[in-house]
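Enquirer: I am attaching a structure below and will ask some questions about it afterwards.
We did not get these values from a lab; they are worked out from the coordinates using the rules stated. Because the structure is a prediction, the values reported are computed rather than measured. Counting neighbours? That spans all protein chains shown, and the Cβs are built from the backbone with ideal geometry, glycine included.
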Amino acid sequence: MPTTCALCRRIVPNERIDDPQVVQEHHLRPEERATSPTVLLCRPCHKQIHALFTNDELRDGYDTIDALRSADRLTDYIGWIRGTEKLDIQVSRSDRKRGRRR
């Protein structure tokens, strides 16, 4: 059964799911794994979220998929990723996140 990424809403076709990391579980409240709600994300979206936000930011202000989807920092990325079939991308920490620990 194809999987839809909760963030970008792209459908990951069955034939691409043979890679066990192409769809990943994202804990909406980092560091609270035992009680955190989760969503399924394509690998690029999961990588991008963790490149742009600290765990503190995710836990304190972006702990729902709607909050993430409406985050200014993700607007351009979501517009771009929806137009591609890429399931692997290179990311680097944003200058905003660099230097922050959590």
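Enquirer: Quick one: net charge around residue 39, please, counting Lys, Arg +1 and Asp, Glu -1 for every other residue with C-beta under 12 Å from its C-beta.
Expert: Local charge sum for residue 39: 0.
Enquirer: Right, here's the next one. I'd like the orientation of helix 43-52 relative to the chain: the angle between its Cα long axis and the longest Cα principal axis, in ° from 0 to 90, rounded to 10.
Expert: Tilt of helix 43-52: around 10 degrees.
Enquirer: Report the dimensions of segment 3-81 along its three principal axes from the alpha-carbon atoms, largest first, rounded to Å.
Expert: On the principal axes, segment 3-81 reaches 36, 31, 18 Å in Cα extent.
Enquirer: Taking the 0 to 90 degree range and rounding to the nearest ten, how far is the long axis of helix 72-81 tilted relative to the main principal axis of the chain, both from C-alpha atoms?
Expert: 10 degrees
Enquirer: Right, next: About the Cα centre of the chain, how large is the charge dipole given +1 on each Lys and Arg Cβ and -1 on each Asp and Glu Cβ? Please answer in debye to the nearest 20.
Expert: 340 debye
Enquirer: Quote to one decimal, in nm, the extra length available between residue 33 and residue 50 on full extension: 0.36 nm per residue of separation minus the C-alpha distance between them.
Expert: Residue separation times 0.36 nm, minus the Cα-Cα distance, leaves 4.6 nm.
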